[in-house]
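So the structure is just underneath, and the comments pick up after that.
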Ligand SMILES: [Zn+2]
Ligand SMILES: [Zn+2]
């Protein structure tokens, strides 16, 4: 029986355990992936702490996977051994519910999550259904590609569906794993890109990543700086803090949208009059499906997006996660298999 190394969580609020597991065989609609790299995401906490109902343990985390197709099930079409693929948060869908019948796979009633519903990429091998697979462009480094499968697709997809037009003022709040990609994507999409951070020390990097303007929220009211530019058409809120999002609403221009992708536990404070007079709105955006991920990888390769990562070996998954949680990782932690 062929075995592999994997890191699993065996109960809610359990630790990362390095274990030997049997290499899984693909069922008819699945491919087996030899994992090259897997990103460490804040949302892996959902598995670690059991924050979703009904999670079955033990479970291997990891939903930012880049690897090579190693074996395919009998019904798989369009993917073959040797091809490079990615798997993201969206782990598959049912094709039967009303959302799926509309082609809106992200809101599928039975959508699965890689690394929560089934074993993910903190392992040398994993299996995934073919509807969860993105093709990876030639030449894209697996370590750089991994964070694009969640942090990347979330920012890219939220921005391209935000309704902002080229030349519009688009603010990117936060300069972590999501924000550093958001600034580059916003610039490449032709927006007047404003980096919004609570730390002046991020200014140089923000400008290097392509921001046209930088606003330090600790230096004065954000709204004043952005209203000088006419107000933002869109602000992408990436900080994992609902509390930090209220001042962003005031910085929106007429019809402006606060697009929320940073996950935090506390509420976003907003009064009706924050929204009504200038027709402002707040919406959330949930990453994207496999084609969205594929288009993210292609756009990142095309525009030479710089994915900033710190690399850890699989057996150091626990410290990679700890570093990420404590904010020590600049900007994404990635596990590299060997
Ligand atoms: Zn994620
Ligand atoms: Zn469905």
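If you check 137, 81, 147 for being over 15 Å from the mean Cα position of the chain (by Cα), closer than 30 Å to residue 18 by Cβ, at pLDDT 95 or above and more than 16 Å from ligand 2 (Cβ to nearest atom), only one passes: 81. Just name the residue that is farthest from residue 184 (Cα to Cα) out of those in the range 320-338 that are exposed (fewer than 15 other Cβ atoms within 10 Å of the Cβ) and without any contact (Cβ under 8 Å) to a residue 12 or more places away in the chain. Restricting to residues being exposed (fewer than 15 other Cβ atoms within 10 Å of the Cβ) and without any contact (Cβ under 8 Å) to a residue 12 or more places away in the chain, the top hit is 326.
Of the residues in the range 89-109, at least one is in contact with a strand residue (DSSP E or B) (Cβ under 7 Å, 6 or more places away or on another chain), assigned by TED's automatic domain parsing to the domain that holds residue 38, within 16 Å of ligand 1 (Cβ to nearest atom) and part of a loop (DSSP other than H, G, I, E, B). Filtering the range 294-317 to residues that are under 30 Å from residue 20 (Cβ atoms) and in a helix (DSSP H, G or I) leaves 314, 315, 316, 317. Restricting 66, 72, 46 to those that are in contact with a strand residue (DSSP E or B) (Cβ under 6 Å, 6 or more places away or on another chain) and surrounded by fewer than 22 Cβ atoms within 10 Å (Cβ to Cβ) reduces the list to 72.
Among the residues of the range 38-58, not a single one is part of a strand (DSSP E or B), away from ligand 2 (no atom under 16 Å from the Cβ) and without any contact (Cβ under 8 Å) to a residue 40 or more places away in the chain. For residues that are closer than 16 Å to residue 178 by Cβ and out of contact with any helix residue (DSSP H, G or I) (no Cβ under 6 Å at 6 or more places or on another chain), scanning just the range 261-282, find the one that is surrounded by the most Cβ atoms within 10 Å (Cβ to Cβ). This residue is 262. Would you mind stating whether residue 302 is assigned by TED's automatic domain parsing to the domain that holds residue 10 and closer than 21 Å to residue 208 by Cβ? Yes: the conditions hold for residue 302. For the subset of the range 89-116 comprising residues that are farther than 23 Å from residue 77 by Cβ and within 17 Å of the chain's Cα centre (by Cα), which member is farthest from ligand 2 (Cβ to nearest atom)? Here the answer is 115.
The values are calculated or read from the model by the stated rules, or taken from the named source; none is laboratory data. Fair warning: this is a prediction, and the values are worked out from it, not measured in the lab. Quick reminder, even Gly has a Cβ in these numbers, built from the backbone with ideal geometry, and neighbours come from all protein chains shown.
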